Amino acid sequence: MGVELEKSLLITFHYFDLFDYPLKEEEIFRYLFATHTFGHQEINGGLSVLEKRAKIERSGDFYFLFGRRELLKKRREREQFAVNKIKKARVVSRVFSLLPGILMVAVCSNLGYLNADNESDIDFFIVTKRGRIWTARFWSVFLMKVFRQRPSPNGSRNKVCLSYFADEDSLGFEKTKIGDDDIHLVYLTAQHLLIYSEGGLWKKFIRENNWIKYYLPNFIYQQEAEKFMIGEGRGYLKRFFERIFFILPESWYRKIQYKIMPKRLIAAANKEDKKVIISDKILKLHLNDKREEIRNQVFNNKINA
């Protein structure tokens, strides 16, 4: 096994180990973090070498770092938790699909690859019409607050997290990278699970994020990314709501949300470090952005392996 393949395999294993996720052989091929393509035969040979060196272990269909056999049970449990959360996400997405300005809804983060723990919330990524991102955020957040579905200090289990909006012209995540080796962003982008899409926006999302193939050369969005998708339907009802809610200009929705937005979010956005973004094109409101920490952990662990 060459040095580059060993490096790529260890980076991949260390990344997913941070999230307690053992990998199947096909997942290793698909998610291999590498700067050029390795075939199945090369990867299988590399896995065998790492097993012999006691860097990784195998149990049935799953591979994981040596000494981490407990992850097998955790993966099975989390898959069931995730399926239950996605059932709720589909119900919520049916509501969002009727709201003014919303064109696409996906779940992301750990839920996007069915690795959600029982206490986690449901992370949504919402795509809006150009010039209506603040309108879409206002009504989606408002409804979730009314129905007490927003995370709170008392708990976030199965609550609706609405921290990432982008308009239809801002689907490429590459512009939000922090450094060339933003490994967490690469995998987050690959792990979006589509729930709702209008007008071919999902295909546009895939095209505009083709940059991840520089880091994941074997990766393709498979049909499983669409298996929870809901139909469009009830377009007449959405058009009716838009005629009503679009009476107020976008500037009004922006002004009222700026007024009540936590000062720490605005301060974080002013740092311009791409962790928090507040604009008329992207609303990325992740105060707890761990990308730098994850990058350091993965590459330091790989070096010390």
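Worth pointing out:
- The chain, relative contact order in percent, only Cα pairs under 8 angstrom and at least six apart counted: 22 percent
- Loop-located trypsin sites (Lys or Arg not before Pro) across segment 195-230 with a Cβ neighbour count of 16 or fewer within 10 Å are Lys227, with loop assigned by DSSP.
- Bridgeable aspartates and glutamates around Lys290 (alpha carbons under 12 Å apart, same-chain partners fewer than 8 residues away excluded): Asp182.
- Taking every DSSP bridge with both residues inside segment 75-289, close to 75 percent are antiparallel.
- Partner aspartates and glutamates for Lys227 [C-alpha distance under 18 Å; skip if fewer than 8 residues away on the same chain]: Glu27, Glu79, Asp123, Glu198
- Segment 3-69: relative contact order in percent, alpha carbon pairs under 8 Å with at least 6 residues between: 37 percent
- Prolate/oblate/rounded label for segment 166-305 (Cα gyration tensor, a/c 1.5): oblate
- Size of charge dipole - segment 75-289 - debye, nearest 20, with Cβ of Lys, Arg +1 and Asp, Glu -1, no other charges: 860 debye
- Loop-resident chymotrypsin sites (Phe, Trp or Tyr not before Pro) (DSSP state other than H, G, I, E or B) in segment 3-49 with no more than 14 further Cβ atoms inside 10 Å of their Cβ are absent.
- Rel. contact order, % - alpha carbon contacts under 8 angstrom, at least six apart, segment 169-305: 31 percent
- Within the chain, the percentage of alpha carbon pairs spaced more than 34 angstrom apart rounds to 24%.
- Exposed GluC sites (Glu not before Pro) absent - longest run of the chain, DSSP non-H/G/I/E/B, at most 13 other C-beta within 10 Å: 120-231
- Annotation for segment 108-216: chymotrypsin sites (Phe, Trp or Tyr not before Pro) lying in DSSP loop with at most 15 further Cβ atoms inside 10 Å of their Cβ are Phe147.
Values in this text are rule-based calculations from the coordinates and carry no lab data. Source: prediction; values computed, not measured. In this analysis, Cβ positions are derived from the backbone assuming ideal geometry, glycine residues included, and neighbour counts consider all displayed protein chains.
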